[in-house]
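Report on the following structure.
The values are calculated or read from the model by the stated rules, or taken from the named source; none is laboratory data. Model, not experiment: these values are computed from the prediction. Cβ placement follows ideal geometry from the backbone for every residue including glycine, while neighbour counts extend to all protein chains displayed. Please note that ligands, DNA and RNA were not included when accessible areas were found on the heavy atoms of the full protein model with its side chains. Shrake-Rupley method; radii C 1.70, N 1.55, O 1.52, S 1.80 Å.
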Amino acid sequence: SVVVTTTMLASLARSAQRLAVRRPPAAWSSRAHAFSTTSSTELPGIAASTGLSPSADAAATDAASDAVAAAAEVVTPPQEVYKGPLIGMGGANALDMREQPRPVAIPECSAELDEKGRIYATGRRKTATARVWIYPGTGKFTVNRMSMIDYFVRDFHRDEVTLPFAVTKMAGFFDVWCTVKGGGHSGQAGAVRHGVSRCLNEWNPATLRLALKREGFLTRDRRKVERKKAGQPKARKKKQWVKR
(Lines give C-alpha, C1' and ligand atoms only; values in the text may rest on other atoms or scores of the structure.)
Protein backbone atom coordinates (compact mmCIF):
# COMPACT_ATOMS: atom_id res chain seq x y z
CA SER A 1 0.00 0.00 0.00
CA VAL A 2 0.99 3.67 -0.28
CA VAL A 3 1.32 4.06 3.49
CA VAL A 4 3.59 1.06 3.84
CA THR A 5 5.77 2.16 0.94
CA THR A 6 6.17 5.70 2.27
CA THR A 7 7.11 4.44 5.74
CA MET A 8 9.67 2.01 4.35
CA LEU A 9 11.20 4.79 2.24
CA ALA A 10 11.37 6.94 5.36
CA SER A 11 13.29 4.15 7.12
CA LEU A 12 15.74 3.97 4.24
CA ALA A 13 16.21 7.74 4.38
CA ARG A 14 16.96 7.71 8.11
CA SER A 15 19.39 4.84 7.53
CA ALA A 16 21.22 6.92 4.94
CA GLN A 17 21.38 9.84 7.37
CA ARG A 18 22.83 7.61 10.11
CA LEU A 19 25.48 6.30 7.73
CA ALA A 20 26.40 9.82 6.59
CA VAL A 21 26.99 10.83 10.21
CA ARG A 22 29.03 7.72 10.98
CA ARG A 23 31.25 7.82 7.88
CA PRO A 24 31.26 10.93 5.61
CA PRO A 25 31.67 10.13 1.90
CA ALA A 26 35.10 10.42 0.32
CA ALA A 27 35.69 13.84 -1.25
CA TRP A 28 36.82 14.37 -4.80
CA SER A 29 40.39 15.48 -5.38
CA SER A 30 41.08 19.17 -4.94
CA ARG A 31 41.93 19.65 -8.63
CA ALA A 32 38.67 18.07 -9.88
CA HIS A 33 36.75 19.98 -7.22
CA ALA A 34 38.28 23.26 -8.40
CA PHE A 35 37.19 22.55 -11.99
CA SER A 36 33.67 21.67 -10.89
CA THR A 37 33.20 24.70 -8.63
CA THR A 38 34.75 27.35 -10.88
CA SER A 39 32.11 29.24 -12.85
CA SER A 40 32.51 30.63 -16.36
CA THR A 41 32.36 34.21 -15.07
CA GLU A 42 35.43 33.64 -12.89
CA LEU A 43 37.63 32.35 -15.72
CA PRO A 44 38.56 35.78 -17.26
CA GLY A 45 39.76 36.98 -13.88
CA ILE A 46 41.83 33.82 -13.49
CA ALA A 47 43.29 34.37 -16.96
CA ALA A 48 44.19 37.97 -16.11
CA SER A 49 45.92 36.91 -12.90
CA THR A 50 47.92 34.23 -14.71
CA GLY A 51 48.80 36.41 -17.74
CA LEU A 52 47.01 34.21 -20.33
CA SER A 53 45.20 35.66 -23.32
CA PRO A 54 41.41 35.15 -23.56
CA SER A 55 41.80 32.78 -26.52
CA ALA A 56 44.40 30.68 -24.71
CA ASP A 57 42.26 30.74 -21.59
CA ALA A 58 39.22 29.53 -23.57
CA ALA A 59 41.24 26.73 -25.15
CA ALA A 60 42.61 25.66 -21.77
CA THR A 61 39.11 25.76 -20.28
CA ASP A 62 37.72 23.59 -23.10
CA ALA A 63 40.56 21.11 -22.73
CA ALA A 64 40.03 20.89 -18.97
CA SER A 65 36.28 20.41 -19.40
CA ASP A 66 36.86 17.64 -21.96
CA ALA A 67 39.31 15.92 -19.63
CA VAL A 68 36.89 16.07 -16.67
CA ALA A 69 34.03 14.78 -18.85
CA ALA A 70 36.17 11.92 -20.18
CA ALA A 71 37.21 10.94 -16.65
CA ALA A 72 33.58 11.02 -15.51
CA GLU A 73 32.55 8.75 -18.38
CA VAL A 74 35.22 6.25 -17.39
CA VAL A 75 34.60 6.05 -13.63
CA THR A 76 30.83 6.62 -13.40
CA PRO A 77 28.72 3.41 -13.56
CA PRO A 78 25.34 3.46 -15.29
CA GLN A 79 22.88 5.05 -12.89
CA GLU A 80 19.41 6.49 -12.83
CA VAL A 81 17.91 9.34 -10.84
CA TYR A 82 15.17 8.54 -8.34
CA LYS A 83 11.92 10.19 -9.48
CA GLY A 84 9.74 9.21 -6.53
CA PRO A 85 8.37 11.36 -3.70
CA LEU A 86 10.28 13.03 -0.90
CA ILE A 87 11.64 10.48 1.57
CA GLY A 88 11.31 11.20 5.27
CA MET A 89 8.77 11.91 7.96
CA GLY A 90 8.68 15.66 7.26
CA GLY A 91 10.17 18.66 9.02
CA ALA A 92 13.83 18.51 9.97
CA ASN A 93 13.99 14.76 9.29
CA ALA A 94 12.81 15.05 5.66
CA LEU A 95 15.37 13.96 3.06
CA ASP A 96 14.98 14.71 -0.65
CA MET A 97 16.28 11.60 -2.43
CA ARG A 98 14.89 12.51 -5.86
CA GLU A 99 18.32 13.50 -7.16
CA GLN A 100 20.24 10.66 -5.52
CA PRO A 101 21.70 8.28 -8.15
CA ARG A 102 21.46 4.54 -7.73
CA PRO A 103 22.31 1.49 -9.90
CA VAL A 104 19.97 0.83 -12.81
CA ALA A 105 19.65 -2.94 -12.32
CA ILE A 106 20.42 -5.75 -9.87
CA PRO A 107 23.96 -7.16 -10.10
CA GLU A 108 24.19 -10.60 -11.62
CA CYS A 109 23.78 -13.39 -9.07
CA SER A 110 26.95 -15.44 -8.60
CA ALA A 111 25.47 -18.02 -6.18
CA GLU A 112 23.18 -20.99 -6.66
CA LEU A 113 19.49 -20.19 -6.13
CA ASP A 114 16.83 -22.53 -4.77
CA GLU A 115 13.86 -23.76 -6.78
CA LYS A 116 12.04 -20.45 -6.14
CA GLY A 117 14.95 -18.25 -7.21
CA ARG A 118 15.92 -17.18 -3.69
CA ILE A 119 19.09 -16.80 -1.64
CA TYR A 120 19.04 -18.05 1.96
CA ALA A 121 21.12 -17.00 4.97
CA THR A 122 20.89 -17.17 8.74
CA GLY A 123 21.34 -14.10 10.95
CA ARG A 124 21.93 -13.97 14.69
CA ARG A 125 22.01 -11.28 17.38
CA LYS A 126 21.91 -11.79 21.17
CA THR A 127 19.55 -14.76 21.60
CA ALA A 128 17.54 -14.13 18.40
CA THR A 129 17.88 -16.19 15.21
CA ALA A 130 16.53 -15.13 11.83
CA ARG A 131 16.08 -17.23 8.69
CA VAL A 132 16.17 -14.87 5.70
CA TRP A 133 15.38 -15.34 2.01
CA ILE A 134 15.80 -12.59 -0.60
CA TYR A 135 14.81 -12.61 -4.26
CA PRO A 136 14.36 -9.96 -6.99
CA GLY A 137 11.24 -7.89 -6.42
CA THR A 138 9.94 -4.44 -5.58
CA GLY A 139 11.03 -3.98 -1.95
CA LYS A 140 8.39 -6.00 -0.08
CA PHE A 141 9.61 -6.92 3.42
CA THR A 142 7.82 -9.72 5.32
CA VAL A 143 8.75 -10.75 8.87
CA ASN A 144 6.96 -13.72 10.47
CA ARG A 145 4.17 -13.50 7.86
CA MET A 146 3.60 -9.82 8.73
CA SER A 147 4.70 -6.64 7.03
CA MET A 148 7.94 -5.27 8.45
CA ILE A 149 6.11 -2.01 9.25
CA ASP A 150 3.55 -3.87 11.36
CA TYR A 151 6.03 -6.22 13.07
CA PHE A 152 8.61 -3.59 14.09
CA VAL A 153 6.73 -0.67 15.62
CA ARG A 154 9.79 1.48 16.42
CA ASP A 155 11.48 3.54 13.73
CA PHE A 156 14.92 2.52 15.01
CA HIS A 157 14.18 -1.17 14.37
CA ARG A 158 12.79 -0.41 10.91
CA ASP A 159 15.93 1.55 10.10
CA GLU A 160 18.07 -1.30 11.42
CA VAL A 161 16.67 -3.96 9.10
CA THR A 162 16.87 -1.70 6.01
CA LEU A 163 20.46 -0.52 6.56
CA PRO A 164 22.02 -3.23 4.29
CA PHE A 165 19.91 -2.01 1.36
CA ALA A 166 20.84 1.62 2.12
CA VAL A 167 24.62 1.06 2.06
CA THR A 168 24.51 -1.08 -1.11
CA LYS A 169 21.92 1.16 -2.88
CA MET A 170 19.77 -1.90 -3.55
CA ALA A 171 16.55 -0.50 -2.04
CA GLY A 172 13.52 -1.51 -4.08
CA PHE A 173 15.33 -4.24 -6.03
CA PHE A 174 14.78 -7.18 -3.65
CA ASP A 175 11.90 -8.71 -1.69
CA VAL A 176 12.64 -10.16 1.76
CA TRP A 177 10.83 -13.04 3.44
CA CYS A 178 12.11 -14.04 6.87
CA THR A 179 11.19 -15.74 10.11
CA VAL A 180 12.76 -14.73 13.41
CA LYS A 181 12.42 -16.09 16.94
CA GLY A 182 14.02 -15.60 20.33
CA GLY A 183 14.97 -12.44 22.19
CA GLY A 184 13.21 -9.10 21.95
CA HIS A 185 12.61 -6.73 19.10
CA SER A 186 16.09 -5.19 19.31
CA GLY A 187 17.78 -8.57 19.08
CA GLN A 188 15.42 -9.70 16.34
CA ALA A 189 16.05 -6.55 14.28
CA GLY A 190 19.80 -7.13 14.57
CA ALA A 191 19.37 -10.77 13.55
CA VAL A 192 17.33 -9.80 10.49
CA ARG A 193 19.91 -7.19 9.50
CA HIS A 194 22.68 -9.78 9.81
CA GLY A 195 20.73 -12.27 7.69
CA VAL A 196 19.89 -9.72 4.98
CA SER A 197 23.53 -8.62 4.83
CA ARG A 198 24.72 -12.18 4.39
CA CYS A 199 22.13 -12.77 1.66
CA LEU A 200 23.29 -9.71 -0.27
CA ASN A 201 26.89 -10.81 0.13
CA GLU A 202 26.03 -14.24 -1.27
CA TRP A 203 24.18 -12.67 -4.19
CA ASN A 204 27.21 -10.86 -5.61
CA PRO A 205 30.30 -10.56 -3.38
CA ALA A 206 32.31 -8.68 -5.99
CA THR A 207 29.84 -5.79 -6.06
CA LEU A 208 28.17 -5.73 -2.63
CA ARG A 209 30.64 -7.20 -0.13
CA LEU A 210 32.89 -4.13 0.26
CA ALA A 211 30.10 -1.77 1.35
CA LEU A 212 28.67 -4.35 3.79
CA LYS A 213 32.05 -5.26 5.25
CA ARG A 214 33.03 -1.62 5.68
CA GLU A 215 30.01 -1.04 7.94
CA GLY A 216 30.54 -4.29 9.89
CA PHE A 217 27.23 -5.82 8.83
CA LEU A 218 28.75 -9.23 8.00
CA THR A 219 30.22 -9.70 11.47
CA ARG A 220 28.18 -11.56 14.06
CA ASP A 221 27.78 -9.27 17.09
CA ARG A 222 28.65 -11.51 20.04
CA ARG A 223 27.55 -9.08 22.77
CA LYS A 224 24.77 -10.33 25.00
CA VAL A 225 23.56 -10.01 28.59
CA GLU A 226 25.98 -11.52 31.07
CA ARG A 227 24.58 -14.29 33.24
CA LYS A 228 23.57 -13.67 36.84
CA LYS A 229 25.94 -15.10 39.43
CA ALA A 230 24.71 -17.43 42.15
CA GLY A 231 24.43 -15.77 45.55
CA GLN A 232 24.71 -12.26 44.08
CA PRO A 233 21.99 -9.78 43.05
CA LYS A 234 23.11 -9.39 39.40
CA ALA A 235 25.89 -10.28 37.00
CA ARG A 236 28.40 -7.79 38.45
CA LYS A 237 26.59 -6.28 41.42
CA LYS A 238 27.71 -7.68 44.79
CA LYS A 239 26.20 -7.76 48.21
CA GLN A 240 27.37 -5.13 50.65
CA TRP A 241 30.50 -6.25 52.45
CA VAL A 242 30.21 -6.44 56.21
CA LYS A 243 33.35 -6.68 58.31
CA ARG A 244 31.71 -8.55 61.21
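Summary of values
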{"item": "Residue within region 223-232 that is surrounded by fewer than 21 Cβ atoms within 10 Å (Cβ to Cβ), of a type in the set (K, R), more than 21 Å from T127 (Cβ to Cβ) and at pLDDT below 95 present", "result": "no"}
{"item": "Given (1) open to solvent by less than 50 Å² (accessible area, probe 1.4 Å); (2) part of a loop (DSSP other than H, G, I, E, B), index of the condition N201 fails", "result": "(2)"}
{"item": "Residue in region 113-130 that is nearest to the chain's Cα centre (by Cα), counting only those that are more than 21 Å from P205 (Cβ to Cβ) and crowded, with 18+ Cβ neighbours inside 10 Å", "result": "R125"}
{"item": "Whichever residue in region 196-222 is small (G, A, S) and touching a helix residue (DSSP H, G or I) at 6+ places or on another chain (Cβ under 8 Å) and, among such residues, is modelled with the highest pLDDT", "result": "S197"}
{"item": "Condition met for W177 (out of contact with any helix residue (DSSP H, G or I) (no Cβ under 9 Å at 6 or more places or on another chain), open to solvent by 20 Å² or more (accessible area, probe 1.4 Å) and of a type in the set (A, V, I, L, M, F, W, C))", "result": "yes"}
{"item": "Residue within region 183-191 that is outside any helix (DSSP H, G or I), more than 22 Å from the chain's Cα centre (by Cα) and over 20 Å from P136 (Cβ atoms) present", "result": "yes"}
{"item": "Members of region 131-173 that are open to solvent by 10 Å² or more (accessible area, probe 1.4 Å), assigned to a loop (DSSP other than H, G, I, E, B) and of a type in the set (F, W, Y)", "result": "F173"}
